[in-house]
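Encoded as structure tokens, the structure appears first; notes follow it.
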Amino acid sequence: MLKEFFFKHLNLYSWLKKNQSCLLCEGETNHLRGWIFCSHCLADLPWLPHTCLQCGIDITQAYQKCGTCLSQPPYFDHTVTIFAYARPISQMLIQYKYHGHLYYLPTFSDMLALKIMTHYKKNHRPLPDLILPVPLSISRLKHRGFNQSLEVSKSLSRALGVPYDENVLVRTRDTRMQAGLSLKQRRANLKGAFNFKSANKIYRLVKNKRIALVDDVLTTGATLDILAKLLKEAGARSVDNWVLARTLATIS
Ligand SMILES: [Zn+2]
Ligand SMILES: [Zn+2]
């Protein structure tokens, strides 16, 4: 156990020892917010300057929503994201999720919190009432040791003053890994995979509430769409996605 902990955090220790230099080039971070990047690497990150209001896909500034959201709108209302799922962010999120590099979290969640505040102000919408992390199945949680979406939710909750609840949604069964599946395959794969933990309690918690679903990456949006449908059917007033990164390539 101790050995496992040590190896998991080995990178953290070496980073702290190196005086918190930039994780990508080892340059000086010297950033007021304590982020893990220097200003040059920060400028080179795959930022998403203009995205579809609803699904977060990269679109030209002339439009508010993408063609897919206009013709076949998903159940969720808005998506706030910071990065395209491209290098080095994609690699860092894999390290965060599968190798326990939790020390990336303060930087990424601070960036997302800033983007969220700008987004709601710009769109004249109040912040959501409740943050819900996308749940992991029990077996995956045991294997991974933590739910990456719950950790982001906790940080965002602190930064924004919006409560989070990890006991609303439950993943009722394990599904095949979603990577490499088309949207249609993902929907079929996810059928019946999520539910509420306790129907009565949830009705009270969710009805007429503005909900924010938190996940690390939005790929096709199939998971978030299924959860948004579930929440809307339970009376949620709106369901928004808060995600760190968004894949841009179309998966056919
Ligand atoms: Zn750098
Ligand atoms: Zn869209």
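Values quoted throughout were computed directly from the atomic coordinates according to the rules given, and no laboratory measurement underlies them. All values reported here derive from a predicted model rather than from experimental measurement. Note that we place each Cβ from the backbone using ideal geometry, even for glycine, and neighbour counts take in every protein chain shown.
List the residues, sorted by chain then number, that are 5 or more residues from T172 or on another chain and whose placed amide H is less than 5 Å from its amide H.
Under 5 Å from the amide H of T172 lie the amide H atoms of F194, N195, each far enough along the sequence or on another chain.
Kindly write out, for the range 208-217 in residue order, the coupling ³J(HN,Hα) from the Karplus curve 6.51 cos²θ - 1.76 cosθ + 1.60 (θ = phi - 60°), rounded to whole Hz, with x marking Gly and Pro.
6, 9, 8, 10, 10, 8, 10, 9, 7, 10
Can you give the extra length, in nm with one decimal, that the chain gains between M117 and R173 once fully stretched, where that is 0.36 nm per residue apart less the Cα-Cα distance?
Length gained, M117 through R173: 16.7 nm.
Helix 148-160 against the longest principal axis of the chain: what's the angle in degrees, Cα atoms only, rounded to the nearest 10?
Once rounded, the angle reads 90 degrees.
Between their Cα atoms, which of K121/K154; K97/K232; K115/K209; K142/K197; K142/K232; K191/K232 are more than 24 Å away from each other?
Beyond 24 Å: K97/K232; K142/K232.
Going by amide H atoms built from the backbone, whose H comes under 5 Å of the H on V239, apart from near neighbours?
D77, H78, I211
On a 0 to 90 degree scale, rounded to 10, what angle separates helix 89-98 from the longest Cα axis of the chain?
Roughly 80 degrees, rounded to the nearest 10.
Can you show me the helix-derived [θ] at 222 nm for the chain, built from DSSP H runs with n ≥ 4 at -39,500 (n - 2.57) apiece and divided by the number of residues, rounded to the nearest 500.
Computed mean residue ellipticity for the chain: -11500 deg cm²/dmol.
What's the FRET efficiency of K229 with H143 using the Cβ-Cβ distance as r and R₀ = 25 Å, to the nearest 0.05?
The computed FRET efficiency comes out at 0.35.
Take the Cα of L24, step 7 Å along the line toward its Cβ, and report every residue of the range 82-113 whose backbone nitrogen sits under 14 Å from that point.
83-93, 108
Once phi is turned into θ = phi - 60°, what whole-Hz ³J(HN,Hα) does the Karplus curve with 6.51, -1.76 and 1.60 give for every residue of the range 102-113, x standing for Gly and Pro?
Whole-Hz 3J(HN,Hα) from phi for the range 102-113: 6, 6, 6, 4, x, 5, 5, 6, 5, 4, 5, 4.
Going highest first, how would you order 226-232, 147-153, 100-106 by mean Cβ packing within 10 Å?
Highest-to-lowest ranking by the protection proxy: 147-153, 226-232, 100-106.
Which aspartates and glutamates have a Cα lying under 14 Å from the Cα of K184, excluding residues fewer than 8 positions away in the same chain?
Straight-distance partners of K184: D225.
Return one number: the angle in degrees, 0 to 90 and rounded to the nearest 10, between the long axis of the Cα atoms of helix 222-233 and the longest principal axis of the Cα atoms of the chain.
50
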